[in-house]
1. Tell me which of these GLU151 doesn't satisfy, since it passes every other one: (1) closer than 27 Å to VAL65 by Cβ; (2) exposed (fewer than 14 other Cβ atoms within 10 Å of the Cβ); (3) modelled with pLDDT of 85 or more.
2. Yes or no: VAL65 at pLDDT 95 or above, among the β-branched types (Val, Ile, Thr), within 13 Å of the chain's Cα centre (by Cα) and within 16 Å of GLY142 (Cα to Cα)?
3. Which residue is modelled with the lowest pLDDT, if the candidates are limited to segment 132-147 and must be part of a loop (DSSP other than H, G, I, E, B) and surrounded by 15 or more Cβ atoms within 10 Å (Cβ to Cβ)?
4. Spot the failing condition for LYS108; the list is (1) closer than 27 Å to SER58 by Cβ; (2) modelled with pLDDT of 85 or more, and only one is missed.
Amino acid sequence: MKRFLCLFFALWTGIPLYAQDILPQFFDNSSTSTEYYLTFLPAWPQQGEINNIKVYISSTVETEVTLEVKDQEYVQKKLTKPNEIIELILPITVAQPYSKTDRDPTPKDAVYRHKAVHITAKDPIIVYGMTRYHHSSEGYLGIPVSALGKEYIIASSADSGDNGTSEGRYLPSQAGIVAAFDNTKIIFTLRVN
């Protein structure tokens, strides 16, 4: 946990991380692989501000990384440098399955085919995804396809918006599920505590 917090802090603050000392410790666990699927749900965009999606990737060796969003015919390729972190920046219109403002209601549940961000590499990498907006930032460590499980618990909070008023904001908790394999069946059980 201590190692993860150091990496997260360095990514979050933008402070250069001397990865040659710390990074190799991360590559002996199930957080590394050669294939990932990520998704990024809309946050709270601000007109005129920089709103984007960032993907941070690292490896202990130089390796070619390919990031692709099939539906958008979007592809980025970049070489990692051993024990350094590279950054790929995606427009929100490419990385998110749909767009909305804080004033728009959240769309009904839907399947957005081929909207996932697919990342592959020739050698093992570690991947961290981040949504950077003016009013909010969200991030997470990518789970490799090779480490995917069958049961997950999602922590969430109540809608912090005031959507009952004429000037209301819709800021509900949301969950995104990416299926790495065809014919995946999802059972979603909502529990309220």
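The values are calculated or read from the model by the stated rules, or taken from the named source; none is laboratory data. Remember, predicted model here, so these are calculated numbers, not experimental data. With ideal geometry, Cβ positions are generated from the backbone for all residues, glycine too; neighbour counts draw on all protein chains shown.
1. The single condition GLU151 does not satisfy is (1).
2. Considered against the rule, which asks whether it is at pLDDT 95 or above, among the β-branched types (Val, Ile, Thr), within 13 Å of the chain's Cα centre (by Cα) and within 16 Å of GLY142 (Cα to Cα), VAL65 comes out as no.
3. Per the stated criteria, the residue is TYR133.
4. It is condition (1) that LYS108 fails.
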